[in-house]
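Visitor: Here you go, one structure.
The values are calculated or read from the model by the stated rules, or taken from the named source; none is laboratory data. Small disclaimer: the values here were computed from a predicted structure and weren't measured. Reconstructed Cβ throughout: ideal geometry from the backbone, glycine too, with neighbour counts over all protein chains shown. Please note that ligands, DNA and RNA were not included when accessible areas were found on the heavy atoms of the full protein model with its side chains. Shrake-Rupley method; radii C 1.70, N 1.55, O 1.52, S 1.80 Å.
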Amino acid sequence: IKFETQNKYNLEDFEVVGYSGKGAYGTVLQVYLKDDPEKKNYAVKKLDIYSLYSVNRLYQAYLEYQILKELDSPYIVKTYGAFEADGKMHIVMDFLPKGDLSYFIKTNFRPSMEIIKFYSAEIVKFLEYMQQKKLIHRDLKPQNIMIDDNYHLKVIDFGTVRKIGYY
């Protein structure tokens with residue numbers, strides 16, 4: 001599996017700032033590009049290729065990247081590129097500092113009708129976009145909905161996305 005991307009990143013391009021999370025097959029790191037004077041933060045989803053291969057999910061991870069790089073919605077995490085290094089598959093995305101919706105609800109959420117309507121509308125807009133693209137996100141849950149700097153929702157984890165009509 002080869003990554004075709006406009007941005008030819010490699011591991012040496014990034015400085016790791018911190019650890020952002022852990023999933024079933026890898027971790028997410030908070031990084032910035034070393035040559036960026038503004039030090040804009042990115043998230044790098046780092047997936048172990050051998051682990052993915054051993055459970056027959058390597059192609060699914062590659063497909064996740066292919067889908068993400070083609071989608072353009074304010075409700076989906078933006079993806080900038082991908083590369084392989086040290087037996088790992090790395091996907092470079094926007095860093096979403098406010099965490100996931102589950103954590104946000106537990107720690108910060110003030111249940112007003114306006115906030116509930118606002119976030120419900122953003123989820124509906126995401127679902128409409130996915131329907132327009134004939135895609136189904138089969139793992140939509142609060143842990144896969146992140147919050148950006150401006151408190152807007154961004155859906156992540158497209159590993160289980162399927163095209164409508166394909167199996």
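Visitor: I'd like to check one number: the per residue accessible area of the chain, probe 1.4 Å, reported in Å² as a whole number. Display every interim value, and only then the final one.
Guide: Working: 10310 Å² over 167 residues.
Ligands and nucleic acids excluded, the figure is 62 Å² per residue.
Visitor: Related question: Along the positive direction of the dipole of the chain (beta-carbon charges: Lys, Arg +1; Asp, Glu -1; about the Cα centre), which of Leu153, Phe14, Ile116 reaches farthest?
Guide: My answer, from the dipole projection, is Ile116.
Visitor: Under the rule of at least 5 residues apart or a separate chain, name every residue whose amide H is placed under 5 Å from the amide H of Gly99.
Guide: Ile147
Visitor: Moving on to the next point. If one computes P(r) from the Cα atoms of the chain, what percent of pairs lie at distances over 25 Å? Each step should come with its number before you reach the end.
Guide: Values: 4632 of 13861 pairs.
Taking all Cα-Cα pairs of the chain, the fraction more than 25 Å apart is 33 percent.
Visitor: Can you work out the PRE-style zone for Lys8? Point 7 Å along Cα to Cβ, and I want the residues of the stretch 81-99 with backbone N under 19 Å.
Guide: Output list for this probe position: 81-86, 90-92.
Visitor: Check Ile76: other-chain or 5+ apart residues with amide H under 5 Å from its amide H, H built from backbone geometry?
Guide: Counting only residues 5 or more places away or on other chains, the set is Val155.
Visitor: Pop out the ³J(HN,Hα) list for the stretch 40-48 in order, Karplus 6.51 cos²θ - 1.76 cosθ + 1.60 with θ = phi - 60°, rounded to Hz; leave Gly and Pro as x.
Guide: For the stretch 40-48, the Karplus curve yields 5, 7, 10, 9, 10, 7, 10, 10, 6 Hz.
Visitor: Run the helix sum for the chain: -39,500 (n - 2.57) per DSSP H stretch of 4+ residues, divided by residue count, reported at 222 nm to the nearest 500 deg cm²/dmol. The partial results should precede the final answer.
Guide: Details: 4 runs with 46 residues, N = 167.
When only DSSP H runs of four or more count, the value is -8500 deg cm²/dmol.
Visitor: Here is a further query. I want the local charge near Leu135. Using Cβ-Cβ distances under 9 Å, sum +1 for each Lys or Arg and -1 for each Asp or Glu among the other residues.
Guide: Details: positive: Lys133, Lys134, Arg162, Lys163; negative: none.
So the environment of Leu135 carries a net charge of +4.
Visitor: Give me a comma-separated list of calculated 3J(HN,Hα) values for the stretch 89-95, in order, Karplus coefficients 6.51, -1.76, 1.60 applied at θ = phi - 60°, integers in Hz, x for any Gly or Pro.
Guide: Each residue of the stretch 89-95 in turn: 9, 10, 10, 8, 9, 4, 8 Hz.
Visitor: Quick one: pull the percent of accessible area on the stretch 1-142 belonging to carbon and sulfur, 1.4 Å probe, ligands and nucleic acids left out.
Guide: 52 percent
Visitor: Let me ask something else. Sort out for me the Cα centre separation of the stretch 53-73 from the stretch 118-138, rounded to whole Å.
Guide: 19 Å
Visitor: What are the ³J(HN,Hα) values, in whole Hz, obtained from phi via the Karplus relation 6.51 cos²θ - 1.76 cosθ + 1.60 with θ = phi - 60°, for each residue of the stretch 128-141 in sequence order, with x given for Gly and Pro?
Guide: After applying 6.51 cos²θ - 1.76 cosθ + 1.60, I find 5, 4, 5, 5, 4, 7, 6, 10, 10, 8, 8, 9, 7, 8 Hz.
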